[in-house]
Each structure stands twice: as C-alpha cells, then as structure tokens.
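The values are calculated or read from the model by the stated rules, or taken from the named source; none is laboratory data. From a predicted model like this one, the values you see are computed outputs, not experimental measurements. Neighbour counts run over all protein chains shown; Cβ positions are idealised from the backbone, glycine included. Surface accessibility is based on the protein's heavy atoms, side chains included, excluding ligands, DNA and RNA. Shrake-Rupley method; radii C 1.70, N 1.55, O 1.52, S 1.80 Å.
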Protein chains: 2
Amino acid sequence: MEITYTPIGHVRSPYDSPADVSHEETDETTSEIVLEEEYKRGLDGLAEFSHAVVLAHLDEVEEALLTSRPPHATDVEVGVFATRSPFRPNPIAQTVVELRDHDGTALRVTGLDLLDGTPVLDIKPYVPAVDRDELATGWLEE
Amino acid sequence: MEITYTPIGHVRSPYDSPADVSHEETDETTSEIVLEEEYKRGLDGLAEFSHAVVLAHLDEVEEALLTSRPPHATDVEVGVFATRSPFRPNPIAQTVVELRDHDGTALRVTGLDLLDGTPVLDIKPYVPAVDRDELATGWLEE
C-alpha cells in the first residue's frame, strides 16, 4: 500500500545543507513557509495562534535506518522511533514553530530547522490541550 | 511533485466510524499501534518515554477543504491550516499519545482518536523541549 501526497508549499530558509543548521540558533532564525497560491485561503485565522506544528518531507534523506545514535548520547543506540533522527522509514519532520507574521502566501516563523527548499506537507495550529504539556522521560536524561 | 510513503503499521482501536470517536473518552481508551514485523527493532527504547507523537494517514477522508468550521465555534469559518480538521489537502493526523506498554510489534497507547485500521506513518518520542509547552492562543478562546 502506498500513500501519495502533494506539497502545499516549500521552506525558504538560510540553511542550504545540514551542516548549516545550528539547533542552538533556530529559535532566533527566521524562516518562511511559502505556500502555493491555491492554498492561500487555508491560512485564514492561523495568525491568531502563537505557535504552529509544521509537517515537512525531508527530501534530502536517502537512507531509512531502524536504529540511531542520538546526538549528545554517543554510547546509546536506540530504535529510530525512539529518536527524532531524519533517517527514518517515512522521513517526515514534525516541528513546532513560533508564528511571526504572514504576507500573502508567505508565513514567517522562528524555530524551524529545515533546509531551504524542503517541501511542506501540512500546517496545524499548536494547541496545548492537544499537544500536551506534561513531562516526558527517556534516554535524553542520561 | 508527488511524495510517496509506505505505512509502518496500522491502528487497532475500538472506533469503527467517526461517530464512534468520543474525544472526551480517548484519554481513557486504549488503542494499539501494530507495526509490520520488519519495523520492530525501531521501537527499541521508546518505552523509556511517557508520551509519543503519532503521524497517521486519514485514509477515510475523501474531501480536501480549504476552510473549516471548528467544533464548539459554529459561527467561525477559518482556514483549514488554522484547524485540526481531517478534511485537509494532505490528511495527516498528528496525535500525542500516552505510552502504556508494548508486546513485540504491538504498542498499547491511550489518547489516540483514530479509527481501527488507520495506516500509521511514523512514531516519534514526545520531547517537551522540542514540542513546546508554552501557551498558545487563537479562536479556541472565543
């Protein structure tokens, strides 16, 4: 069974390669999500939210691995579904971004760690009651 | 441009049709995510987390709308990207679930509001530092 999607738009960011992405600086770096013209009306009302969830297709990922060595924990090898590694069976990135403003089909955000040109699949409002705010635990604490 | 994914598994839940889904009760209802055998190793280490993010393909959705009238706000019509409506250009559900336990390829969770048989695309650990815990605002307050 195959599932097929068409991107609603693309990322415009200062990151041209994975080495350019500074995770420490993404919160201060402004990126844009530029939607195809036909989806413009879908943005109505999003500006009333402070944050959004962005789903994007990591089109530069060519390898699907079942395990990963997470950063900052080099001696741990865990299953890929216990990590945020991009090298996963379906390379979909899920990122919570802060909404800055929008101008037509261009949505300015901070907190996006995606490369320039990455295809965007979906945008949803970030809703704490849905997206939780409890504490989570795991290997990140080690 | 088209993007193609293959499901990593399927939902096994007590919900056979949208009318069966009680959003008030999903936190107490146990569902299972049953992975294909080949992805089993990808679950290693996930049990150490309390919550996970599940991405699933809403395969029963046949309509892609650009606007939606959110529940509990019948006089408001907003863009689909400002809602969690299933009737969206790429019908991907993003749900935060509480992890209960797992047995081989079956992951028992609560908080999943998906129909029995829904194809699952990805599972990621829920990490507060990534998934935020700030307050968000929007039409939900109206």
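Computed values, structure above
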{"item": "Accessible surface of A:Thr30 - all protein chains present, 1.4 Å probe, nearest 10 Å²", "result": "70"}
{"item": "Accessible area of the protein assembly as shown belonging to carbon and sulfur atoms, whole % at 1.4 Å probe", "result": "46"}
{"item": "Residue-normalised accessible area of the stretch A:1-113, given per residue in Å² at a 1.4 Å probe", "result": "48"}
{"item": "Square roots of five times the Cα gyration tensor eigenvalues for chain B, Å", "result": "26, 18, 16"}
{"item": "Förster-model FRET efficiency, 41 Å R0, A:Lys40 and B:Val34, C-beta, rounded to 0.05", "result": "0.55"}
{"item": "Value at 222 nm in deg cm²/dmol, rounded to 500, when DSSP H runs of n ≥ 4 in chain B each add -39,500 (n - 2.57)", "result": "-500 deg cm²/dmol"}
{"item": "Sequence-distant residues sharing a close amide H with B:Thr67 (under 5 Å, placed H)", "result": "B:Val80"}
{"item": "Relative contact order [Cα under 8 Å, 6+ residues apart], chain B, whole percent", "result": "38"}
{"item": "Per-residue average of Cβ from other chains inside 10 Å of B:84-91", "result": "5"}
{"item": "Mean projected area (nm²) of the alpha-carbon convex hull when the protein assembly as shown is viewed from all directions", "result": "14.1"}
{"item": "Residue-averaged beta-carbon neighbours from other chains (10 angstrom radius) around A:59-68", "result": "2"}
{"item": "Calculated from backbone phi, Karplus (6.51, -1.76, 1.60) coupling profile of the stretch A:115-122 in Hz, x at Gly/Pro", "result": "6, 4, x, 4, x, 9, 9, 6"}
{"item": "Residues with amide H under 5 Å from that of B:Gly45, placed H, sequence gap 5 or more", "result": "A:Gly79"}
{"item": "Residue mean of other protein chain beta carbons inside 10 Å, B:46-53", "result": "6"}
{"item": "Karplus-derived 3J(HN,Hα), 6.51/-1.76/1.60, for each residue of the stretch A:10-21, Hz, glycine and proline x", "result": "9, 7, 10, 9, x, 9, 9, 8, x, 5, 6, 7"}
{"item": "R0 of 30 Å, Cβ-Cβ distance A:Ala106-A:Glu24: FRET efficiency to nearest 0.05", "result": "0.75"}
{"item": "In the A-B interface, the accessible area buried, summed over both sides, Å² (probe 1.4 Å)", "result": "6200"}
{"item": "Accessible area (Å², 1.4 Å probe, nearest 10) - B:His23", "result": "120"}
{"item": "Protein-only accessible surface order, largest first, of B:Asp113, A:Asp27 at 1.4 Å", "result": "A:Asp27, B:Asp113"}
